[in-house]
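Student: Sending over a structure as structure tokens; questions will come in a sec.
Every number in this text was worked out from the coordinates using simple rules, so none of it is lab data. Owing to the predicted nature of the structure, the values given are computational and were not obtained by experimental measurement. Counting neighbours? That spans all protein chains shown, and the Cβs are built from the backbone with ideal geometry, glycine included.
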Amino acid sequence: MVLLDGKELSQQICQGISRSVGNSVRSGKRKPHLVAVLVGGNAASRTYVSAKAKACEAVGFRSTVIHKSAAIAEEELLCVVSELNRDEGVDGFIVQLPLPAHVDATRVIQAIDPQKDVDGFHPTNVGKLVLGLDTFIPATPYGILELIRHYEIPTAGSRVVVVGRSDIVGKPIGILMSRKAYPGNATVTLCHSQTRNVGELTRQADIVITALGVPGFLTADRIKAGSVVIDVGISRVADPSKKSGYRLVGDVDFEAVRQKVSHITPVPGGVGPMTIAMLLKNTLQAYESHAAAVGK
Ligand code: BQF
């Protein structure tokens, strides 16, 4: 069994980004600048945003966190987005999800300039992804592709079963794995809450990608021997032995499933760190095309 080590690969990717930033800055350009907008912020969102800011500093980016109250009016948040769109000193920005229930997240995402939409959530960028055009690939699916590529997992003609149909993970990874390219050319089945007998489908899969947030969902009896398992689920479970008071667990019954697979991602240290690295990669991409546009 090979562990798909996202921690290690994300560090390699960040080293490459750091080198590239160093070259740009030495040639007289300003640093790439990523802004994260955090609204309210449950504990998890705060952790994610600070992990992203910390990663920015580590590769030599400038980063700014704009923290707004959970009670912010939708119109005010739209103003924040509009200012970031106009700010020449900002290459890319994200609005950390989820947003409070009184804010229409779709409307906020649609207000983002697609060229600064480093999460790749704007409908223009989603459309480009579907059509196979150049765009920002959403960070989590992008991280999964890079893990598959790095570990040279064959995908052409393989059966990929995705469990979870979110706009952020399930839908885009399904589209990407069916693209006419590597990693891709797979036959994709997208499962969700109305799917009958998910286990019957996952048992036929060469690659299973779970993105549910249901600890222990994927049990060993639901996979084929020798398959590849990619666990996108991140749940916090109470653990008094940790100083944080919790630990992260995925959707996979890891101890049992690892005995049966050819490759598997751990949680933590699998897809999660890759998500951060690919957000930085997208920001570098935005910076490089932005620099070309404004002639910095
Ligand atoms: C790790 C996220 C659900 C909903 C919104 C490293 C992260 C997580 C785990 C991280 C996630 C999950 C992020 C590990 C960002 C991934 O070591 O395993 C990093 O920070 N993530 C997010 O921004 O929004 C989410 C999951």
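Student: Looking only at the range 103-157, which residues are within 16 Å of the ligand (Cβ to nearest atom), part of a loop (DSSP other than H, G, I, E, B), among the aliphatic types (A, V, I, L, M) and within 28 Å of Val228 (Cα to Cα)?
Tutor: Ile137
Student: Kindly indicate which of Asp91, Asp117 is buried (at least 22 other Cβ atoms within 10 Å of the Cβ), in contact with a His (Cβ under 6 Å, 6 or more places away or on another chain), more than 26 Å from Pro215 (Cα to Cα) and not hydrophobic (A, V, I, L, M, F, W, C).
Tutor: Every option except Asp91 fails the conditions.
Student: Cβ contacts < 9 Å: first residue within 21 Å of Thr275 (Cα to Cα), restricted to the range 166-190; second residue among the acidic types (Asp, Glu), any location; separation 6+ or different chain. Result?
Tutor: Within 9 Å, the pairs are Ile168/Asp119; Pro183/Glu146.
Student: Can you pull out every residue in the range 239-282 that is away from the ligand (no atom under 14 Å from the Cβ), surrounded by 14 or more Cβ atoms within 10 Å (Cβ to Cβ) and either assigned to a helix (DSSP H, G or I) or touching a residue at least 60 places away in the same chain (Cβ under 8 Å) (or both)?
Tutor: Applying the first criterion (away from the ligand (no atom under 14 Å from the Cβ)) to the range 239-282 yields 239-241, 243, 245, 253, 255-263, 281.
Still in the running and surrounded by 14 or more Cβ atoms within 10 Å (Cβ to Cβ): 253, 256-258, 260-263, 281.
Matches in the range 239-282: Ala256, Val257, Arg258, Val261, Ser262, His263, Lys281.
Student: Going through the range 82-102 one residue at a time, which ones are more than 15 Å from the ligand (Cβ to nearest atom) and either over 13 Å from Ile66 (Cβ atoms) or more than 21 Å from the chain's Cα centre (by Cα) (or both)? Spell out how you get there, then give the answer.
Tutor: Pass one, the range 82-102, residues more than 15 Å from the ligand (Cβ to nearest atom): 82-91, 101-102.
Correct list: Ser82, Glu83, Leu84, Asn85, Arg86, Asp87, Glu88, Gly89, Asp91, Ala101, His102.
Student: Which residues, taken from the range 21-49, are under 16 Å from Asp91 (Cβ atoms) and either within 14 Å of the ligand (Cβ to nearest atom) or assigned to a strand (DSSP E or B) (or both)?
Tutor: Passing the criteria: His33, Leu34, Val35, Ala36, Val37.
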